[in-house]
Amino acid sequence: MPPADETSDPPPLEPDAERFLLELLDLPAPSGFEEPIGARWREEAERQGAEVTTDRIGTSFATTGRGRGPRIAIVGHLDEIGLVITKINAKGFCKVGSIGGWDPVVLVGQRLRILGTPAGGPVLGTISRPSIHVLDAAARDRTPKVDDLWVDLGVSSAEEAKALVRVGDPAVVDARPERIGGPGSTRIVSRSIDNRVGMFVALEAARIAGERGVAAEVVAVGSVGEENGMGGATVASYALQADRTCVVDVTSPGDMPGASDFGDYRMGKGPILTRGATLSERVTGELIAAAEAAELPFQLRAKGLRTATDADQTIKAGGGTATCLVSVPARYLHTPVEQVDLRDVRASIDVIVAWIERVADAAGGS
Ligand SMILES: [Zn+2]
């Protein structure tokens, strides 16, 4: 891994791949409303030569190397956190509910893209609270709850509001992906890095293994409903009966001010591989051995309890699948300014491909 200040390296991702990742980051897909992003992901997978399918609840599958060897599932959830319109008042202001886990502090003052609306396209709303000049003293000192927030649609009545949005319309914060960090930087800031990065890594790993002719059947899985606990990965895992599963998600590094003692995990130092908790020690051992043999960077983490990812589900779904977890370090998760380093995305893909090759070799390379 080159030092962080090295700027002459080739970009971590091929230009087409990077464009696709940025496109995924910009598509909205709050839990329960993953259909458009699943369709785009499958379209790209098909263009790359994978066999694609979807299950009854919208989880998407892209398979390479069918029948070539052990079935290996690489799971990245499609959905992101968001909000949903729960009420429209007489003056046309809306209340919202959380989809997934929000810190409401980050919501105040944001623009919303409200989706699936009667207006046809996305509708702009702002998450508003009265300005400091008129906010009463008690409210000023209190941390807001999602319940305290109102969405302003720029209208004056319920009637006007209802022409634009309906109860049940989902929304995401309108925050687009951008480069951050100056010339040569490999960092991106965006909403939805959790978990566009994971679904992208899963597809790239399947594509590369397929193109190299690795003796494994690799199924990239874009699962639905991770952020709201619905568990598309559970259903998918039951159906797939894979020999092994690798879940790809993001996790917080410890290298930011104000983070509680999360361990010495850093941006730019490779994926975080987790031992313990609900994971298969055997398969995690294969993953670590593959990364070491290929001299790829990684950071090791231990978890005593659950991982709070799809891995907690895939290991016990159906007959159970021995599962490992690859986490891409990303700062400020569940905010509109999530940050990831594309070198970590690259290293995550490479570690997973190295592991797939190792598993295929051990299975006899047929
Ligand atoms: Zn996630």
Got a sec? Which of 178, 204 is under 18 Å from the mean Cα position of the chain (by Cα) and not assigned by TED's automatic domain parsing to the domain that holds residue 334? 178
Subset of the range 292-312 (residues that are within 16 Å of the ligand (Cβ to nearest atom), at pLDDT 90 or above and in contact with a helix residue (DSSP H, G or I) (Cβ under 6 Å, 6 or more places away or on another chain)): 310
Within the range 180-213, the residues that are of a type in the set (D, E, K, R) and within 16 Å of the ligand (Cβ to nearest atom) are 191, 194, 196
Can you tell me which of (1) closer than 26 Å to residue 176 by Cα; (2) of a type in the set (Gly, Ala, Ser); (3) touching a helix residue (DSSP H, G or I) at 6+ places or on another chain (Cβ under 7 Å) is the one residue 101 doesn't meet? (3)
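Table: residues versus (1) under 19 Å from residue 250 (Cα atoms); (2) out of contact with any helix residue (DSSP H, G or I) (no Cβ under 9 Å at 6 or more places or on another chain); (3) in contact (Cβ under 8 Å) with a residue 40 or more places away in the chain; (4) not hydroxyl-bearing (Ser, Thr, Tyr).
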{"residue": "160", "(1), (2), (3), (4)": "no, yes, yes, yes"}
{"residue": "176", "(1), (2), (3), (4)": "yes, no, yes, yes"}
{"residue": "180", "(1), (2), (3), (4)": "yes, yes, yes, yes"}
{"residue": "188", "(1), (2), (3), (4)": "yes, no, yes, yes"}
{"residue": "194", "(1), (2), (3), (4)": "yes, yes, yes, yes"}
{"residue": "199", "(1), (2), (3), (4)": "yes, no, yes, yes"}
Test of understanding: among 132, 88, which residue is more than 22 Å from residue 194 (Cα to Cα) and in contact with a Cys (Cβ under 8 Å, 6 or more places away or on another chain)? 88
Against the condition within 16 Å of the ligand (Cβ to nearest atom) and surrounded by fewer than 20 Cβ atoms within 10 Å (Cβ to Cβ), how does residue 275 come out, does it pass? no
Just to be sure, is residue 316 away from the ligand (no atom under 16 Å from the Cβ), surrounded by 19 or more Cβ atoms within 10 Å (Cβ to Cβ) and assigned by TED's automatic domain parsing to the domain that holds residue 237? no
Count, please, the residues in the range 47-89 that happen to be in a loop (DSSP other than H, G, I, E, B) and under 19 Å from residue 36 (Cα atoms). 10
Identify the single condition in (1) surrounded by 24 or more Cβ atoms within 10 Å (Cβ to Cβ); (2) within 16 Å of the ligand (Cβ to nearest atom) that residue 237 does not satisfy, given that it satisfies every other one. (2)
I want to confirm something. Restricting to the range 181-232 and keeping residues that are β-branched (Val, Ile, Thr) and farther than 23 Å from residue 318 by Cα, which single residue is surrounded by the fewest Cβ atoms within 10 Å (Cβ to Cβ)? 208
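The values are calculated or read from the model by the stated rules, or taken from the named source; none is laboratory data. Predicted model, so just to flag it, every value in this text is computed and none were measured. All Cβ positions, glycine included, derive from the backbone under ideal geometry; neighbour counts span all protein chains shown.
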